[in-house]
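Single-structure report; data block below.
The values are calculated or read from the model by the stated rules, or taken from the named source; none is laboratory data. As the structure is a computational prediction, the values presented were derived from the model and not from experiment. FYI the Cβ positions are ideal-geometry reconstructions off the backbone, even for glycines, and counts take in every protein chain you see.
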Amino acid sequence: MKTEHTGIATNLSGDWTMNGIPQQVQSLMAISNGVGGVVPQNNRLVVDCSGIKAIDISGLQLLYVWVQCLQIKGLRAELVNLSDGMRSTVHKVGLHKLFEASQDVALS
C-alpha cells in the first residue's frame, strides 16, 4: 500500500475464484489493517485490480463486502485497471453500479 497526494492506493492480485478466496481474505485483512485510521482528505482508496488473474462470483462477493467495510471506515474505494474479463463479470452479476471506477476504466 502506498500513500498518494490524492488518497491512498493499494493493489489486488492473484486468484479471486472460490479456490483463492482464503488467501484473498488474509490479503484484504492486511490492507484494511494497514489503512487503519488513516483517512485521506478526499476519503478515496484507489484499488488497482490489474493483478487479479481470475475472478468469479465468490471473489466479487468478497470484494463487495470489503468495499462496504471500507465505507464504514469512511473510505470510498475506486477500482482501477480492471481486465476486460473482470469488467464483464462485474456487469453480468449487476455490480457495475455498486463499484465505483475511475473514468478511464469506467464500468458502465
Take the residues in region 18-28 that are crowded, with 16+ Cβ neighbours inside 10 Å and not aliphatic (A, V, I, L, M), then tell me which one is farthest from V90 (Cα to Cα).
-> S27
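Yes/no matrix, rows are residues, columns are (1) touching an Asp or Glu at 6+ places or on another chain (Cβ under 8 Å); (2) surrounded by fewer than 20 Cβ atoms within 10 Å (Cβ to Cβ); (3) modelled with pLDDT of 85 or more:
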{"position": "D48", "(1), (2), (3)": "no, yes, yes"}
{"position": "I52", "(1), (2), (3)": "no, no, yes"}
{"position": "I57", "(1), (2), (3)": "no, yes, yes"}
{"position": "G74", "(1), (2), (3)": "no, yes, no"}
{"position": "V80", "(1), (2), (3)": "yes, yes, yes"}
{"position": "G85", "(1), (2), (3)": "no, yes, yes"}
{"position": "L95", "(1), (2), (3)": "no, yes, no"}
{"position": "E100", "(1), (2), (3)": "yes, yes, no"}
Boolean, V90 is surrounded by fewer than 17 Cβ atoms within 10 Å (Cβ to Cβ) and either of a type in the set (A, V, I, L, M) or modelled with pLDDT of 90 or more (or both) = no
Filtering region 6-36 down to residues that are under 14 Å from the mean Cα position of the chain (by Cα) and either farther than 16 Å from C69 by Cβ or part of a strand (DSSP E or B) (or both) yields I8, A9, T10, N11, L12, S13, G14, D15, W16
Subset of region 68-89 [over 18 Å from G20 (Cα atoms) and assigned to a helix (DSSP H, G or I)] | Q68, C69, L70, Q71, I72, D84, R87, S88
